[in-house]
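The values are calculated or read from the model by the stated rules, or taken from the named source; none is laboratory data. This structure is a prediction, so every number in the text was calculated from the model and none was measured. Don't worry about glycine lacking a Cβ; one is built from the backbone with ideal geometry, like all the others, and counts go over all protein chains shown. Protein only, heavy atoms only, side chains kept; ligands, DNA and RNA dropped before computing areas. Shrake-Rupley method; radii C 1.70, N 1.55, O 1.52, S 1.80 Å.
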Amino acid sequence: MTFEEIRSRAIAEWEDLERSTKPRILVGAGTCGLAAGAEAVLAAIETELAQRNIEAIITQVGCIGLCYIEPLVDIIKPRHPRISYGNVTPEIIPRLVEDYLVNGNPCPDLALGTIGDGRIEGIPSLFELPVLKPQVRIVLHRCGFIDPENINHYIANGGYSGLVRALGMKPEEIIEEVKKSGLRGRGGAGFPTGQKWDFCRRASGTEKYIICNADEGDPGAFMNRSLLEGDPHSVLEGMLIAAYAIGASEGYIYCRAEYPLALKRLAIAMGQMEEYGLLGDNILGSDFSLHLKIKEGAGAFVCGEETALMASIEGKRGMPRSRPPFPAQSGLWGKPTNINNVESWANVAAILQRGAEWYAQYGTEGCKGTKTFALVGKVERTGLIEVPLGIALREVIYDIGGGIVGGNSFKAVQTGGPSGGCLSSDFLDSPVDYESLTKAGSIMGSGGMIVLDENTCVVDIARYFLSFTQKESCGKCVPCRVGTRQMLGILERITKGEGKPEDIEQLQRLAETVKNGSLCALGGTAPNPVLTTLRYFRGEYESHINEKRCPAGVCQELIAYYILPEKCQGCQICLRNCPVDAIRGGKRMIHIVDQDKCVKCGTCLDVCPPRFSAVVKVSGEEVTVPEQPVPVESIKQE
Amino acid sequence: MDTITLTINDQEVKAERGRTVLETALEAGIYIPTLCYHPSLPPYGSCRLCIVEIEGMRGLPTACTTPATDGMKVQTNTPQIQQLRRNILELVLTEHPHACFTCDRRERCGPLDICLRNVAVTERCVTCPKNGRCELQKVVDYVGIRELTLPYTYKDLPIERDSPFFDRDYNLCILCGRCVRVCQEIRGAGAITFTYRGSQALVGTAFGLPLQEVGCQFCGACVDVCPTGALIERATKWAGLPEHIVTTTCPYCGVGCQLDLEIRKGEITNATPSPEGVNRGQACVKGRFGIAEFVHHPERLTSPLVRRNGEFVEVTWMQALDLVATNLAKYRGEQFGFVASAKCTNEDNYIMQKFCRAVMGTNNIDHCARLCHAPTVAGLVTSFGSGAMTNSIHEIGDAACILSIGSNTTSSHPVIGVEVTRAVRQGAKLIVANPREIDLCRFADLWLQHRPGSDVALLMGMMRVIIDEGLLDQSFVEQRCDNFDAFRDSLKKFDLDFVERVSSVPQGLIVEAARIYATHKPATILYAMGITQHTHGTDNVMATANLAMLTGNVGKPSTGVNPLRGQNNVQGACDMGALPNVYPGYQAVANSDIKQKFESAWDCSLSATPGLTLTEIFEAAHQGQIKAICLIGENPMLSDPDSKHIQESLEKLEFLVVQDIFLSETARLADVVLPAATFAERDGTFTNTERLVQRVRKAIEPIGDSKPDWWIICQIAKRLEAKGFDFEHPSQIMGEIAPLTPSYGGISYERLEKEGLQWPCPTPEHPGTKFLHAETFTRGKGRFSPLEYRPPAELPDEEYPLVLTTERSLYHFHTGTMTRKVKGLNAIRAVELVDINPADAAELGIADGEMVRVVSRRGEVTARARVTEILSPGVVCMSFHFAESPTNVLTNPALDPISKIPELKVCAVRVEKLNDHWIQGLDV
């Protein structure tokens, strides 16, 4: 079968689907959707349809990125626009089916928006919503729209046309095209992709490898997982193009074993590719052959570092090694190797499908295209987003993210995963691109973006991230292995109120030692959370050290709960709810928190009726209370 | 040499291209502190102390991992670097006891003071066993740290004492990874690894198992590279620094490792592999940990013994020598035999054969080479014209293909095993042909498990594939070789059906092996006793020679046919003419010109009749034709086949003199026992397996009243009124050897002082020869030998249904005379083991570890069964190191008709379950 025949058949299948007379129901069944309950929703849909004898086409699709409102169910009635419903529970399924499928009422109160042409009264267009409007979907544009387990869906939507185009080009021309697109590595370092390929292509040797780095390990990051789950072929197509351009005939996808669904979909995709002659020997009848293997990683963060990743594939302990030699010269099994991450590969497919010039229209002068981010933390709308590079942080946090939860104020945003930096509000109008973030002391990383609000203690955040990198250090080089542990020790002391004035200087010195002395990027960036918080929030460190006060009221050893005598009505609610019996009092008696017993769980604050608001959390200050419970009447009440 | 020029600290430095910045700086005498770097290991870059500034490079790259390039500008010591180094080193010290660096009393402490006043034990000071030799100490001094600003953590780990030879105290470990890397990357053992990660990282074994269960070979390479006191020899842990160090040649196998003997108070306290020399800083467990204990063993012979009324009594040298001379005078001529020794120096062996020929008037001299590489000499002389290893040890690592056949390389020649694994690491193909699944199989592309004794069939089968598929080197065969047609005709019988039937190797594997060997050049063949110890041993050797010639793999670097010599000086003993048919340098005794040359040099008349071989000497003794024997440093009671017969032969002698370092099983039968000095107590030379003549240097005074062998023989000769035995030092003996032995013509002690020389080295200007047969074969053209398959002399039958083959343990040497004296070696391998396949064991109802009786037509022994799948059903295997289970009681004395080697590798046996419970319970 030629590719044209494959494509015609795929398009025919896709058009049949679009023209289908049966209603179509699309359920977001990525890991995120499943975690939010998509499985129960699916079951409810099937039951409901069966009971009512309605024939419908149910498709499990990947994530569209609106994590804050999962599970998502989309319904396409024939000759009607597609409607997305969010926060779907099994309970509302009967209503949706009855009202919309049976009676034609689209339930605007439950709907998020419509997708595609045509409008429905009372329902906005989904992509016009503030959360999606600023986004540009290049790598994610098929996610949520196609069945990721059906290669025909991918092909019908432009899939593998980039490969076909590439096979008609000379390898040098492909590399030139990628260079022209301005694509830079989406794994975080931002090295120009075309140039990297060029090195590998020029390296001597006939045996070469390509590797897809799918070892996404940042806490709170899930861009690569979603892409693999929602559109695995786009990643594989990018790998094929690169393998052809570089002259590689073997490749690996290094994906963490904690991503079972991504692994399953990759395996299905590769099986389908083989059936279509898109993988294996003589791809699409050409001289080009590529054999791919999946290697499951065991979940070490450092294995996302390319040299550690290759060691892991070779069956060795995942530890980085010094460069040179660079992988392009001597990589996997000592052969020239090109390694890119999941998102880079998907970008490559898009670039070859639609042209470098089209791609380069997005982004800034030095940073072309889009970047996906896992936008999490204290924003209203968390999720997976794709934005053009150069977008302002403010736009991401306030327009897409909908601002800070509960109307709280913004404190910092942490970009680039656990080894990124915390940027203060001074940077809200800075563009999101490789250079700006680096200049500010953070990194792009693979695209984690964690928003912190006023209730977050930056010292505690620095401690948290450092405890992660410290644990995930491979232990090979001294600065990273010992330096991060020493830094963590100091941070732990500070958060416990045992900080010493010289600690800040010591931390700074250690951070510089780890940053400048470490072997790989893990150590090189691990101090970033500490360095940036010291730079932008030094006052908070000083409060912890000098005043034994945690301004955000987070560090347990530095906070205390008090019951204000002038507000307490002696209702005994806090007393009854205290898990450790640390509150003394009685009916109509002023309650007192026994500070020695208190475990600072905050239950008393939570349960004190708002009309009394008698419980306060303080840090670094004392509140005068009676020594023994006394009658409410004896205290002058406000 | 491709030279580049760079600037280091504003100093212009020239370097070889391909070296790192660190190596370049060190060679130029510019010190850069390092902890993880070791010259024998690939760069690692973990300690981060060798950071430098390089113009145009980002950050601070490590000198150890950065290649030096032309025009590079390097600064090694800027204030920024010094500050960062101090900070990093301080981090190291927060996890390493460091009072020894920072204590204020340090300078005031004398060498023998033990100061516990200022520091706690966990902080250590002079109580660290590595004090004075610690590399961390040196680096701290250089970088200059006198106080710590960060909190110190003592890991408080228990000291691991599961090795008989060294302690592992990971409280002193700085995780430089040298031990892990040397174990994995150089030794290929992979016994230790990093465990856990991050700040919890440690060095240890998989699941914390004892070393012996994780494949540790106790080679000590980890101890040698450890920069701190974490890994340290237990025996000398507290001995302090050596008074002096003597570099000499290891007395165990034929690799010829250079060892640095550490001497304290006139005793050897330690032996470490010398970084220079053939072993490049590596050794095996025997050389590393098995020297001092046997040299200083209380059972060493310290004075001459004479048998009086059946009992040995100590006598003076004067008495003993007079007695020997008086007796030997009665047995001149063909009733005398001399058993020389592959363990003695070249000079000893030269004197022995001179004594035998010039004084005793007979060529009846031979030694244990008869039992190991006689077929090599016979076969390779026929094929190539020279019977030695064609190429050098260091060439093995650069081969593209290695065929190891009949050699358990990592066990019998461990340091050559290191070379083989080096080749594999560099991408070489490795084919192992062995009936046992030896350690090397882990690295092999192909393992051919052929039946013992089917080597000719297997090799001829491979050659048939090579010819059928046109993979031969036509021009090499035509231009450099002869007799090809006859050889090709003889291949007709070896169709693959036949070869598979005889060898049990599947045809597909034979084809694959042939293709790999023929198409990956340079290809080298390594072989040992598995090829030679057969009744068709010479045929086996010629088959390997045929294979090498057929593919043009002779006369070039990293090719050739390489017999691995078993004992330290078996090559030298042969070179020196301790053989019945040749004078030194393989000059035939039957050649009248040669005879005349030696007659005039030695001023005597010599016998033109070639003498008896070793096996024939004992047979002649059994028949009463030989009446007196001088036997030096050999133990035929354990090493020779059918040992009951040997014992009878020795007992029939009228006079037996034995020279040895211990009262061996053989020495117990002697009339006079003369105590010899060990290698450590005398000067001399050994010639290793690659024809390399190396110095043996006196490190300590002879123990007791022991004497060098050459001295003893000379004293006897002088008492027999012989001339030409007035030597005062072995260098004078070499002075006599060189002009009489063409291949040693250019060898002198003066030249050897600098480095070893590989013969042929005909003139004082000649640099020695790395590989033989470069332009032409020694015999002119290489000769193809037509061969046919001959089965072993004794095949299994109903009564003796199993094939017994023999092996050597890594932990013992030969008959155990030396290694059985070493407690640690005995702790690792204490008893004889009978390897038996689970299928056979099940049929016989034998459990792993049970005592069994092994019976052949010649005798029986008991030993412990080891049920293992490394052997196929029908084959059992034993070593021969244990006097308690003398395996050679069983073996077959049937001889190869050409070389007269007995068939030690194949005989028929049966294994019986022992029902005597008390033996089973006996923990030997």
- Search result, residues across the stretch A:470-483 that are within 7 Å of chain B (Cβ to nearest Cβ) and of a type outside the set (A, V, I, L, M): A:Gln470, A:Lys471, A:Glu472, A:Ser473, A:Cys474, A:Gly475, A:Lys476, A:Cys477, A:Pro479, A:Arg481, A:Gly483
- Could you name every one of the strands (runs of 3 or more DSSP E) located completely within the stretch A:204-312 that has at least 1 residues being within 27 Å of A:Tyr68 (Cα to Cα)? A:209-214, A:250-256
- Can you tell me which residues in the stretch B:32-62 are of a type in the set (Gly, Ala, Ser) and away from chain A (no Cβ under 11 Å)? B:Ser40, B:Gly56
- Message: If I ask for residues that are part of a helix (DSSP H, G or I), open to solvent by 30 Å² or more (accessible area, probe 1.4 Å) and closer than 23 Å to B:Tyr154 by Cα, which ones from the stretch A:490-505 would you list?
- Response: A:Glu492, A:Arg493
- Answer with yes or no whether B:Thr409 is within 28 Å of B:Pro873 (Cβ to Cβ), open to solvent by less than 10 Å² (accessible area, probe 1.4 Å) and of a type in the set (Ser, Thr, Tyr). yes
- Message: Quick test of your reading of the structure: A:Ser409 fulfils all but one of (1) small (Gly, Ala, Ser); (2) within 22 Å of A:Glu540 (Cα to Cα); (3) surrounded by 24 or more Cβ atoms within 10 Å (Cβ to Cβ). Name the failing condition by number.
- Response: (3)
- Item | Some residue of the stretch B:168-187 being in a loop (DSSP other than H, G, I, E, B), more than 25 Å from B:Lys821 (Cβ to Cβ) and within 17 Å of the chain's Cα centre (by Cα) | yes
- Give just the number: which of (1) within 30 Å of A:Gly116 (Cβ to Cβ); (2) buried (at least 19 other Cβ atoms within 10 Å of the Cβ) does A:Arg165 not satisfy? (2)
- Kindly indicate which of B:Gly735, B:Gly724, B:Gly745 is closer than 25 Å to B:Trp317 by Cβ and more than 24 Å from the chain's Cα centre (by Cα). B:Gly724
- Message: Take A:Glu173 and tell me if it is in a helix (DSSP H, G or I) and free of Cβ contacts under 8 Å to residues at least 12 places away in the same chain.
- Response: yes
- B:Ala841 vs. criteria more than 26 Å from the chain's Cα centre (by Cα) and open to solvent by less than 40 Å² (accessible area, probe 1.4 Å): yes
- The residue that is nearest to A:Cys457 (Cα to Cα), considering only those in the stretch A:512-530 that are more than 9 Å from chain B (Cβ to nearest Cβ) and surrounded by fewer than 22 Cβ atoms within 10 Å (Cβ to Cβ), is A:Lys515
- Qualifying position, being of a type in the set (Gly, Ala, Ser) and surrounded by fewer than 22 Cβ atoms within 10 Å (Cβ to Cβ), among A:Gly158, A:Gly187: A:Gly158
- Item | Members of the stretch B:70-107 that are among the polar types (S, T, N, Q), at the interface with chain A (Cβ under 10 Å from one of its Cβ atoms) and either open to solvent by 20 Å² or more (accessible area, probe 1.4 Å) or in a loop (DSSP other than H, G, I, E, B) (or both) | B:Gln80, B:Gln83, B:Thr94
- Report, ordered by the first and then the second residue, all pairs with beta carbons closer than 7 Å, sequence separation of six or more or different chains, a first member in the stretch B:148-167 that is within 12 Å of another protein chain (Cβ to nearest Cβ) and closer than 14 Å to A:Gln486 by Cα, and a second member that is among the hydroxyl-bearing types (Ser, Thr, Tyr) and surrounded by 14 or more Cβ atoms within 10 Å (Cβ to Cβ). B:Leu148/B:Thr94; B:Leu148/B:Thr102; B:Leu150/B:Thr94; B:Pro151/B:Thr94; B:Tyr152/B:Thr94; B:Thr153/B:Thr94
- Note on the structure: Filtering strands (runs of 3 or more DSSP E) wholly in the stretch B:298-375 for at least 2 residues that are buried (at least 16 other Cβ atoms within 10 Å of the Cβ) gives B:305-308, B:336-339
- Message: Please go through the stretch B:659-708 and give me each residue that is over 30 Å from B:Ser407 (Cβ atoms), assigned to a strand (DSSP E or B) and of a type in the set (Val, Ile, Thr), ordered by number.
- Response: B:Val672, B:Val673
- Task: Would you please name the residue that is least open to solvent (accessible area, probe 1.4 Å), looking only at residues in the stretch B:615-632 that are small (Gly, Ala, Ser) and outside any helix (DSSP H, G or I)?
- Result: B:Ala628
- Message: A:Glu542 - would you say it is in contact with a helix residue (DSSP H, G or I) (Cβ under 9 Å, 6 or more places away or on another chain), under 29 Å from A:Phe427 (Cα atoms), open to solvent by 60 Å² or more (accessible area, probe 1.4 Å) and more than 14 Å from chain B (Cβ to nearest Cβ)?
- Response: yes
- Within the stretch A:480-488, can one find any residue that is under 30 Å from B:Arg58 (Cα atoms) and out of contact with any Ser or Thr (no Cβ under 7 Å at 6 or more places or on another chain)? yes
- Note on the structure: Residue hits (the stretch A:189-222; closer than 16 Å to A:Glu386 by Cβ and either at pLDDT 95 or above or not hydrophobic (A, V, I, L, M, F, W, C) (or both)) are A:Glu216
- From the list A:Pro124, A:Pro130, A:Pro148, which one is surrounded by 17 or more Cβ atoms within 10 Å (Cβ to Cβ) and not aromatic (Phe, Trp, Tyr)? A:Pro148
- Message: So for the stretch A:290-303 (the condition being closer than 22 Å to B:Gly427 by Cβ, within 14 Å of chain B (Cβ to nearest Cβ) and either open to solvent by less than 40 Å² (accessible area, probe 1.4 Å) or free of Cβ contacts under 8 Å to residues at least 24 places away in the same chain (or both)), does at least one residue qualify?
- Response: no
- Taking the stretch B:168-191 on its own, how many of its residues are more than 12 Å from chain A (Cβ to nearest Cβ) and under 24 Å from B:Trp238 (Cβ atoms)? 7
- Query: Any residue in the stretch B:196-207 that is within 14 Å of chain A (Cβ to nearest Cβ) and among the aromatic types (Phe, Trp, Tyr)?
  - Reply: yes
- Query: In the stretch A:1-53, which helices (runs of 4 or more DSSP H) lie fully inside it and hold 2 or more residues that are out of contact with any helix residue (DSSP H, G or I) (no Cβ under 8 Å at 6 or more places or on another chain) and open to solvent by less than 20 Å² (accessible area, probe 1.4 Å)?
  - Reply: A:38-51
- Task: Return yes or no: is B:Ala239 free of Cβ contacts under 8 Å to residues at least 40 places away in the same chain and either of a type in the set (A, V, I, L, M) or within 12 Å of chain A (Cβ to nearest Cβ) (or both)?
- Result: yes
- Query: Has the stretch B:210-217 got at least one residue that is within 14 Å of chain A (Cβ to nearest Cβ), of a type in the set (Val, Ile, Thr) and open to solvent by 10 Å² or more (accessible area, probe 1.4 Å)?
  - Reply: no
